[in-house]
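Remarks on the structure that follows.
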Amino acid sequence: MKVKITLVLLFTLIAWRSFAQEGKSPFDTTKYGKNTAVGKYAEIRGFKMYYETYGKGEPLLIIHGNGGSINNFLYQIPYFAKNYQVIIADSRSQGKSVDHTDSLSYEMMTDDLNALLDKLNLKQCNVIGWSDGGIEGLMLAMRHPEKVKKLAVTGANLWPDTSAVDPFVYNYALKMNLKGQDTIKKIKNVTPEMKDQLKLLHLLTYAPHIKIADVKKISCPTLVIGGDHDVIVTKHTMLIADLIPNSYLWILPNSGHSTPIYYKDMFNQVVGDFFAKPYRKIEGYGRFN
């Protein structure tokens, strides 16, 4: 029992849920992620993907991070549902989207989202991605460029080392990954859920591996976001913005990784304005404005 509890605590610590609060969390009590009135399953590439849709209008796909779920965006869903058709899903092996196979990669999850859009007969949409969801948003714009009208990503990285990830966070994740692998060897009856958590932890530590040349091919207008004390180092966030031809950069002061939570109102307004207004190429004398 003690070993099992240790494993659960290990995965909980590395889930990037810095928004934990005293008492009951709004993430536990929200309807989002468990709304039986709108929740559906789609047969997607060998598994059943759980998704929910809200609102009407131009489609907007929202993508959660590692170990997360639909409920991570409880502050974004009602805001954007006023003007958009919000589509939000539990990624493979996370939330209600059960997939106990051995493989998991950002490429797989990106193609899952593309298949979901096809299933819903959506040819193009705006996209918001947070953390791993930001990585998948970038990949969606690279692998399926026709699907992404505008893209907003926060806390995304292109590769898994200390040039991209804060050294403390990187070393902690690596340590927890190794400890998780060691701990699970001591458990006689390893559950599929435990294996899923190891897949996610391994992904978090050793991926992605996105080439600079591929990022430069992103053609859609992109808003690249990061906290000035994010788990993703600021210079890496700046690099992503610099690589994308049609990009804006927004670094939030006094902010960590959870920009959609702790700066929810500002996040929603800035991202909403980005989607609503035409992208403006700023060059020449325009730089004086």
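The values are calculated or read from the model by the stated rules, or taken from the named source; none is laboratory data. Being a predicted model, the structure only gives us computed values, none of them experimental. Ideal geometry is used to build each Cβ from the backbone, glycine not excepted, and the neighbour counts take in all protein chains shown. For the accessible areas, the whole protein counts, side chains as well, though only heavy atoms, and no ligand, DNA or RNA atoms are used. Shrake-Rupley method; radii C 1.70, N 1.55, O 1.52, S 1.80 Å.
For the reader, a short list of remarks on this structure follows.
- Paramagnetic label zone (point 7 Å from Cα along Cα-to-C-beta, residue 31; backbone N under 18 Å) in the range 59-82: 70-82
- Exposed loop sites, defined as GluC sites (Glu not before Pro) outside DSSP H, G, I, E and B with at most 16 other Cβ atoms within 10 Å, are absent from the longest region of the chain, namely 23-282.
- Simple spin-label estimate for residue 266 and residue 102 gives 4.7 nm between the two label positions (7 Å along the Cα-to-Cβ direction from each Cα).
- For the peptides 64-74, 264-274, 31-41, 155-165, residues were scored by their other Cβ atoms within 10 Å and the scores averaged per peptide; the highest-first order is 64-74, 155-165, 264-274, 31-41.
- The mean accessible area for residues of the chain, using a 1.4 Å probe and ignoring ligands and nucleic acids, is 48 Å² per residue.
- Mean residue ellipticity (222 nm) of the chain, computed from DSSP H runs ≥ 4 via -39,500 (n - 2.57), nearest 500: -11500 deg cm²/dmol
- The Cα center of the range 115-135 and the Cα center of the range 203-242 differ in position by 17 Å.
- Against the chain, whose longest principal axis comes from its Cα atoms, helix 2-13 is set at around 10 degrees.
- Within a Gaussian network of the chain (alpha carbon springs, distance under 10 Å), most fluctuating of 113, 204, 243: 243
- Heavy-atom accessible surface of the chain: percent carbon and sulfur, 1.4 Å: 55
- Neighbour-limited loop hits for trypsin sites (Lys or Arg not before Pro), the range 105-204 (at most 15 other Cβ within 10 Å; DSSP other than H, G, I, E, B): 123, 186, 188
- Computed log10 I(q)/I(0) for the chain at 0.09, 0.10, 0.11 Å⁻¹: -0.41, -0.51, -0.62, from the Debye equation with unit scatterers placed on every C-alpha and solvent omitted.
- For residue 283 and residue 38, the FRET efficiency from 1/(1 + (r/R0)^6), where r spans their Cβ atoms and R0 equals 45 Å, is about 0.55.
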